[in-house]
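Engineer: Can you keep this structure in mind? I'll have questions shortly.
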Amino acid sequence: MDRDELTRCLAAADIYLIPYPKQEQITSGTLAYAVGNGKAVVSTPFWHAEELLADGRGVLVPFRDPIAFGTALRRLLGSPHRRAAMEG
């Protein structure tokens, strides 16, 4: 996917989900784009996400835990104020 297509997809999203399976993931360009585009994020706690989503910028959930992902997503979708606090 090129940058323009990625930007269009992120613009259409309400929340960006990023389920990397291992903590050792050093960086994520799509995470950087999502945060740069003001999206709320739910992510596993890989190194880059832990740093970028600190201070409430996103929600970190345990690795390989789809129930935690679903819970975090439902909470954000059900709380526009909380989601808005993460955006921008």
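Engineer: Report, by residue number, each residue of region 54-88 that is closer than 23 Å to Arg3 by Cβ and either at pLDDT 95 or above or among the small types (Gly, Ala, Ser) (or both).
Structural biologist: Gly58, Gly88
Engineer: OK, next. Tell me, please, whether a residue that is loosely packed, with under 15 Cβ neighbours inside 10 Å, of a type outside the set (Gly, Ala, Ser) and not in a helix (DSSP H, G or I) can be found in region 4-11.
Structural biologist: So far as region 4-11 goes, no, none of its residues is loosely packed, with under 15 Cβ neighbours inside 10 Å, of a type outside the set (Gly, Ala, Ser) and not in a helix (DSSP H, G or I).
The values are calculated or read from the model by the stated rules, or taken from the named source; none is laboratory data. Since we're looking at a predicted model, the values are computed, not measured. Quick reminder, even Gly has a Cβ in these numbers, built from the backbone with ideal geometry, and neighbours come from all protein chains shown.
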